[in-house]
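None of the figures in this text is laboratory data; all of them are computed from the coordinates on show. Since the structure is predicted, the reported quantities are computational estimates derived from the model, not experimental observations. A quick note on method: Cβ atoms are made from the backbone with ideal geometry, for glycine too, and the neighbour counts reach across all protein chains shown.
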Amino acid sequence: MTRSEDLASFVKDALTRGVPRTEIESILLQSGWSKRQVNDALASFADVTFPIPVPKPRPYTDAREAFLYGLLFLALALSAYHLGMLIFGFIENAFPLTESEASLRESTRWPISVLVVALPVYFYVSRLVNRELRLDPSKRASKSRSQMTYFTLFVCASVVIGILAGLVYSFLGGELTIRFVLKSLTAAAIAAGIFGYYLRDLRIERAEAARSGP
């Protein structure tokens, strides 16, 4: 039995005997367990009135959900990237560097083609996932969902940081152009928008969990 299993077993036995949570927390902290370990162990059991401790749902992995969230992330990445490329095409057409640049039709044909396919896939899968979450809130404990959400936040934050660093670098070198600034702001706006959307989703989820919790 691992240390975490020992701790969970101890907490379960203590709750079964009717020991208050505050006393369990106090004695475990005195015994050398960290605050986080103690809180995680106590959080594994619902604070409800029942003869025996009631376990809370734990994070899990499901092959179908891994597929859906993977497809969702792929469709989101393709849509975000090619939306940026589409806007870049309009910027390049408005501020051309040379006369030999591709026409607006050529520079936007592929991004439009990908968006026509990827965006409906993203919205369909997103709607499907959200509907399943409404019908079964326990699916919020999916590891695939959590990993996809935080990975998306990480990628978006990295993109914004990289773009801002590029703008500062070009500014210090006296190489800023309207074309470069507009492209940078476009990419940053798309990444920041996605970051804000998923961050808001996480905050709503935590608020709902707090309301339904003890």
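At a glance:
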quantity	calculated
Label corresponding to Kirkwood radius over Cα pairs in Å when calculated from the structure given, among (i) 18.2; (ii) 19.3; (iii) 21.3	(iii)
FRET efficiency for S146 and L176, using Cβ-Cβ distance with R0 set to 45 Å, rounded to 0.05	0.70
Rounded FRET efficiency, nearest 0.05, which uses the C-beta distance separating A189 from K35 and R0 of 25 Å	0.05
Peptides ranked, highest mean first, by Cβ atoms within 10 Å: ranges 75-86, 152-163	75-86, 152-163
Between segment 72-138 and segment 5-50, the Cα center-to-center distance that results, in Å	48
Simple spin-label estimate for Y169 and R17 in nanometres, 7 Å along Cα-Cβ	6.2
Efficiency of FRET from Cβ geometry, R105 and L135, R₀ 41 Å, rounded to 0.05	0.35
Candidate lysines for bridging to K56, where Cα separation is under 25 Å - those fewer than 8 sequence places away on the same chain excluded	K12, K35, K139, K143
Distance in nm between pseudo-label sites at F95 and R64 (7 Å out along the Cβ direction from Cα)	5.0
Potential lengthening between F154 and Y81 on full extension [0.36 nm per residue; Cα-Cα distance subtracted]	24.7 nm
222 nm mean residue ellipticity, helices alone, for the chain (DSSP H n ≥ 4; -39,500 (n - 2.57); rounded to 500)	-26500 deg cm²/dmol
Long-range amide H partners of A46 with built H, under 5 Å	V54, K56
Highest average packing first - 37-46, 20-29, 171-180, Cβ atoms within 10 Å	37-46, 20-29, 171-180
